[in-house]
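Following: one structure in structure tokens, then a few remarks.
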Amino acid sequence: MTPHDIADIQTLSSQEQRVLNRISGQTDRFRDSHARAFTILDGFEGTRPTIDVERALYFTQSFRQTEGQPLVLRWAKALHHIAENITVSIDDNQLLAGRIGKPGRYGILYPELDGDFLGQAVREMPHRIGAPFGISEQDARIVEAEIAPYWKGRTYHEALNMALPPDIHKFTYDAPEGLVSRFIVNETSSFRSSIQWVHDYEKVLKRGFGDIQREAQARLDALDPLSPRDEVEKKPFLEAVVLVSGAIILWAHRHAALARKLARNESDPRRRQELDDIAGICERVPEHPARTFHEAVQSQWFTQMFSRLEQKTGTIISNGRMDQYFYPYYRADIDAGGITDERVLELIECMWVGMAQFVDLYISPTGGAFNEGYAHWEAVTIGGQTREGRDATNELTYLFLKSKQEFPLHYPDLAARIHSRSPERFLREVAETIKEGSGFPKLINDEEVVPLYVSKGASFGEAYDYAVSGCAEARMPNRDTYTSGGAYINFAAALEMALFDGRMLKFGERRLGAATGDPRSFRSWEEMWNAYLTQQLLFCKTAFTQQYIVCGLRARHFAQPMGSALHDLCMEHCLDLHTPQIPGGINLGYFECIGFGTVVDSLAAIRKLVFEEQRVSMAELIEALRTDFAGQAPLRLLLRSAPCYGNNDPYADEIAREIDRAFLEYSRKYSRELGIHNDIRYVPFTSHVPFGKVVSATPNGRHAFTPLADGSSASHGADVNGPTAILLSNYATKNYGYRERAARLLNIKLTPKCVEGEAGTRKLANFIRTFCDLKLWHVQFNVVNRDTLLAAQREPDKYRNLIVRIAGYSAYFVDLSPDLQNDLIARTAHGSL
Amino acid sequence: MTALARRKDGSPTGIVFNVQRYSLHDGEGIRTLVFLKGCTLRCRWCGNPESQRRKPEIARNVRRCLGIETCSYCTGVCTEGALRLPAAGAPAIDRNNCTACGACAAKCPALALHLYGTRRSASEVLDEVETDWPFYVRSGGGMTLSGGEPLAQEEFALALLREAKRRHIDAAVETCGLVPWETLAAAAELSGAIYFDIKAIDADRHIAWTGGNNRAILSNLERLADAFPRLAVTVRTPVIPGFNDDEAEIGAILSFLARLPSVSFELLPYHRLGSEKYRFLDRRDEMSDQALPTERFDALAAFAAERRRLTGRSSLNVHIAEKSSEIPAAPALLAEPGVAAGYIGALGGC
Ligand code: SF4
Ligand code: SF4
């Protein structure tokens, strides 16, 4: 089918219409009203990102000089060295200053994290499928000669690899060097220095780093000169805060100077004025409190960019409740007549295009496979409730939605908080934005998050004020204190081990898991269930042991003086945010289960067809799995016809609930030993694809080494009862009596037809209300025709701009690997059945 | 009417051939469609041939069959000798001997054999319908009875409506209008909305194309509008090429409706999406080669809109509707394995 055939026979989403218009050479209808952002976007859209080595180079130079000093101080010195030396530039047309890499899309390096991969990586990255990066020959040599050698033997990744006991290591890495994941119980703490995070940006806007620096200096001056603890712990921390505050101020002032210089040489009087304004603003913020909307945006932008220089926050630092902390500046400017809504959009879209040029770079092949299509989660949160529990939507909330409807960019990730009293206007506008078709916003449910966080120790005010962070998480910026990445468990591998007595076909005769016996000798479903449970619990133990080691190890490798300076508890106790236990903090960790739908459907098929109806013998099943159903098409289809998760079928849902309960019980019992909440989460990024690659055929009829089910979504094509059944299955399989639960990610693909027109908007809004009533954590929608995706696969050049939602983030469809593209196409699309 | 089988709990039973959740185009809100088997008309263009006969029928989709040479799941299942097994390829059904017991369909893993119509009790059906109540309360949705002609299974249909009312679930009915007035009145009493098909005013043509006299239909509509002035009644006219796709016929319908101020009106576009199902039943789709150009439909829609405006009904604009069930039956989805084998998509009541 050609693009035009598609237009002929189907209802199109606005995005599809826009892509087709572009193919036929028409200008975007919103181009004129968003001229500046479109012009900047033209300069980099669809280009391959390049690696910029400056951050890594200056960081390494400084670290060479500071061996043996307290880590937080070393970090602050390194940041200061970067702030002094890194190239500063201001893009044409931009109203905001502060990029941290080469022109166009760029990624930067964090050698302290996984520098042992660097040598290999700079040669391989340009050829990677899924998320390639370019690097100049000169820069590649800098990496090999001046950066990588220093880190050899010093990285966190190497330390972790050595610290894992053999029983844990064998599930984690494929070989002793730990360069390749085994994709069974996968650690993710070496992909990033910190899990996704949200800073208290409001603090910067209200106080400025100048004030934070003064506070730290005053407390330094007031330290007890005779106290050893003050000397060893507090002094370096406070010195680091003074230093890092100075660093970001210095960096801003370098931009101010540059803007003045550019202004002097600028011939166009309008641009000259803009540059002079930029200079004035950079002289003021983030050192001082912001006074105008423009200053507030610039101050936030410097902070988030400096945070990216500070550490790799997986993946990309989140933006917090922007419609809340910018609102006072918006209101004041509007009231004073100093700004218009058009100008506000222009400023925030200048920020969006700035974000879009920073691409999070994953050095390790595993990190790359987990985060295809240049994954990014710089979630901007809108809506939700105030600290008093009142609805928080305001005019800015609607402007953010308008921007997403009119300026089609998948940066930033937009997250809408929904609650039981969300105004109808908000839900309708959210629905309208979802209908645009590029996957925004994702929805997070206050009715699930707030009580859960209160039960985990937050006050109501803190819980009401949470910000969406990363993929589907929620953070309380001054209360959360947990920054370690958690384990990803391959559920389907546990199932395979239960079927092959602890072995997996991919890894040969070696028994990796527990010896649970030959299932051909099982007489009852209970025996099968227990075998599965034994493997699952072994995986849990593996995951928790990894985490035990990770928690202790990370603080010796990572510090974040700026992030800590913005955290009330860190400042109070003079502790870096990466410290394992910070008094008064709540440690909200999680571990991840991949392949939920696959395992549930498989166990349901075994229970029903092998044990209850005895239509299939266990021997027959095992043989079929071993041969990937070769010559067994009828049996495969029979297995597929068993009850499936995602159809609101109590048979499958009960099994799912019991699996979930087993995890929760484990977590309830053993989280304590880690001193954190290590709760169960179902959020895959794109990891269900690589995890699927180690798992042979499964009893739900899934072929060997194909993707697993993602998040808490149903297996591919298994959800035939429509989206209402998916929500109800999700609800039915949650154990609301436990607090050990964390996020669940849910993907729903709809055809544009079923949300067509005003009636479609209304019904989508109603659907979202029910999602809220059911207390589900998260939902996101792809509104796209299958034919469009197929056409984009065939003619990627024409569909460069097609954006799809993957797993808590949106990406260009053509940036994804063929595996993931097919995975997306295979997700059932729901029309109005 | 034969005595109605009842479950032990006293709940009446009937033949249902599909229950379809998340329906968005058949009334207010998010709805569940319940398709009852049996129809009082035999429209030539029928998009739901499986809905016409009252009794269950076995359907056979040759394209999905794995072939008897590789798959033997249906071998030896039929006790009536009605399933003819060739040496290779798909089995055939001897429809004279088939009792539609469904035994073969229950064994077929490929959904190549499928039973249209199972006997279910009103409370069983409502148990399923009720699972989506969280969506009904938010969207103003509920249950819609469709068919066939749902009121042809009079006692069962009314039992479903009563059961819905007892459970506080809003109900709507799609009818072809050719039912006893008393039945229609009883259904209207229990429903929040009625979707009423008017296919043509010309009596001879109506008989020739649908096998039914439209006199009773038109009088039923008049009585309905008269007796239930506050009930939401929507008249729907499917535009059929060669039958009513001209201004004269649509105009005649609009003139008739001009006398019924409480009734709104929708035109439904013509389609052949149900064509495959004729083959599933070893029947021939007489209209498989007929098409209605989009321009023709648009012109009629414009014509109707203008007429309604002139008669002061702009508030009841022509609504160009599509019934929910047409969506999943779109060609791309029919071809997609896993989406219920192409049997889905009972195409509404017309
Ligand atoms: S439905 Fe029953 S009688 Fe008919 S072919 Fe199948 S098994 Fe035989
Ligand atoms: S069981 Fe189904 S797929 Fe198998 S041969 Fe019979 S009809 Fe064909």
Output the number of residues of the stretch B:44-72 satisfying the condition of being away from ligand 1 (no atom under 14 Å from the Cβ), out of contact with any Pro (no Cβ under 8 Å at 6 or more places or on another chain) and of a type in the set (A, V, I, L, M, F, W, C). 2
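Here is a yes/no grid of residues against (1) in the same structural domain as B:Lys277 (by TED's automatic domain parsing); (2) within 16 Å of ligand 2 (Cβ to nearest atom); (3) surrounded by 23 or more Cβ atoms within 10 Å (Cβ to Cβ); (4) basic (Lys, Arg):
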| position | (1), (2), (3), (4) |
| --- | --- |
| B:Gly29 | yes, no, no, no |
| B:Thr32 | yes, no, yes, no |
| B:Thr40 | yes, no, no, no |
| B:Gly81 | no, yes, no, no |
Checking B:Gly47 against (1) away from every other protein chain (no Cβ under 14 Å); (2) modelled with pLDDT of 95 or more, which test does it fail? (2)
Selection count where residues are of a type in the set (A, V, I, L, M), in contact with a Gly (Cβ under 6 Å, 6 or more places away or on another chain) and facing chain A (nearest Cβ under 9 Å), scope the stretch B:17-37: 1
Go through the stretch B:78-96 and give me each residue that's within 11 Å of ligand 1 (Cβ to nearest atom), away from chain A (no Cβ under 14 Å) and assigned to a loop (DSSP other than H, G, I, E, B). B:Cys78, B:Thr79, B:Glu80, B:Gly81, B:Ala82, B:Leu85, B:Asp94, B:Arg95, B:Asn96
Which condition does B:Val179 not pass, out of (1) free of Cβ contacts under 8 Å to residues at least 60 places away in the same chain; (2) more than 14 Å from every other protein chain (Cβ to nearest Cβ); (3) of a type in the set (Val, Ile, Thr), if it passes all the others? (1)
Single residue of B:Leu190, B:Leu178 found to be within 20 Å of the chain's Cα centre (by Cα) and closer than 21 Å to B:Gly142 by Cα: B:Leu190
Check B:Glu128 against each of (1) within 11 Å of another protein chain (Cβ to nearest Cβ); (2) within 16 Å of ligand 2 (Cβ to nearest atom) and name the one condition it does not meet. (2)
Can you find, within the stretch A:382-435, the residue that is surrounded by the fewest Cβ atoms within 10 Å (Cβ to Cβ) among those that are on the phi < 0 side of the Ramachandran plot and assigned to a strand (DSSP E or B)? A:Asp391
A:Phe500: among the aromatic types (Phe, Trp, Tyr), buried (at least 24 other Cβ atoms within 10 Å of the Cβ) and in contact with a helix residue (DSSP H, G or I) (Cβ under 9 Å, 6 or more places away or on another chain), yes or no? no
Tell me which of these B:Gly67 doesn't satisfy, since it passes every other one: (1) touching a Gly at 6+ places or on another chain (Cβ under 7 Å); (2) more than 15 Å from ligand 2 (Cβ to nearest atom). (2)
When the stretch A:51-78 is checked residue by residue, the ones that are under 27 Å from the mean Cα position of the chain (by Cα) and not in a helix (DSSP H, G or I) are A:Ile51, A:Asp52, A:Val53
Hey, any hits in the stretch A:716-730 for a residue that's touching a Cys at 6+ places or on another chain (Cβ under 7 Å) and closer than 19 Å to A:Asn445 by Cα? no
For A:Ala743, all conditions in the list (1) of a type outside the set (S, T, N, Q); (2) touching a strand residue (DSSP E or B) at 6+ places or on another chain (Cβ under 6 Å); (3) at pLDDT 95 or above hold save one; what is the number of the exception? (3)
Within the stretch A:60-87, the residues that are buried (at least 20 other Cβ atoms within 10 Å of the Cβ), hydrophobic (A, V, I, L, M, F, W, C) and closer than 13 Å to A:Val241 by Cα are A:Val72, A:Leu73, A:Trp75, A:Ala76, A:Ala78, A:Leu79
So which residues in the stretch B:84-97 are more than 8 Å from ligand 2 (Cβ to nearest atom) and surrounded by 18 or more Cβ atoms within 10 Å (Cβ to Cβ), if there are any at all? B:Ile93
Going through B:Leu115, B:Leu158 one at a time, which residue ends up being hydrophobic (A, V, I, L, M, F, W, C), surrounded by fewer than 24 Cβ atoms within 10 Å (Cβ to Cβ) and within 11 Å of ligand 1 (Cβ to nearest atom)? B:Leu115
Quick check on this structure: which one of A:Arg661, A:Arg668, A:Arg672 is more than 14 Å from chain B (Cβ to nearest Cβ), under 29 Å from the mean Cα position of the chain (by Cα) and under 24 Å from A:Ser687 (Cβ atoms)? A:Arg661
Extreme residue, farthest from ligand 2 (Cβ to nearest atom), among residues of the stretch A:631-656 that are away from chain B (no Cβ under 12 Å) and among the hydrophobic types (A, V, I, L, M, F, W, C): A:Ala656
Helices (runs of 4 or more DSSP H) lying entirely in the stretch A:128-207 (those with 3 or more residues that are under 28 Å from the mean Cα position of the chain (by Cα)): A:156-163, A:166-172
Lone qualifier among A:Lys456, A:Lys442 - being crowded, with 24+ Cβ neighbours inside 10 Å, among the charged types (D, E, K, R) and under 30 Å from A:Gln560 (Cα atoms): A:Lys442
Filter the stretch B:140-155 down to the residues that are over 15 Å from the mean Cα position of the chain (by Cα) and away from chain A (no Cβ under 13 Å) and list them by number. B:Glu154, B:Glu155
Would you mind stating whether B:Thr75 is within 16 Å of ligand 1 (Cβ to nearest atom) and in a loop (DSSP other than H, G, I, E, B)? yes
Take the stretch A:668-704 and flag every residue that is without any contact (Cβ under 8 Å) to a residue 24 or more places away in the chain and farther than 21 Å from A:Tyr590 by Cβ. none
Hey, A:Leu41 farther than 30 Å from A:Asp576 by Cβ and not in a helix (DSSP H, G or I) or not: no
Tell me the strands (runs of 3 or more DSSP E) entirely within the stretch B:97-159 that contain at least 1 residues that are within 23 Å of B:Ala193 (Cβ to Cβ). B:142-146
Kindly list, by first and then second residue, each pair from a residue in the stretch B:58-75 that is touching a residue at least 24 places away in the same chain (Cβ under 8 Å) to a residue that is among the hydroxyl-bearing types (Ser, Thr, Tyr) and within 14 Å of ligand 1 (Cβ to nearest atom), limited to pairs with Cβ atoms under 8 Å and residues at least 6 apart or on different chains. B:Ile58/B:Tyr116; B:Ala59/B:Tyr116
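The values are calculated or read from the model by the stated rules, or taken from the named source; none is laboratory data. Everything quoted here is computed from the prediction, not taken from an experiment. Glycine gets a Cβ as well: all are built from the backbone with ideal geometry, and neighbour counts include every protein chain shown.
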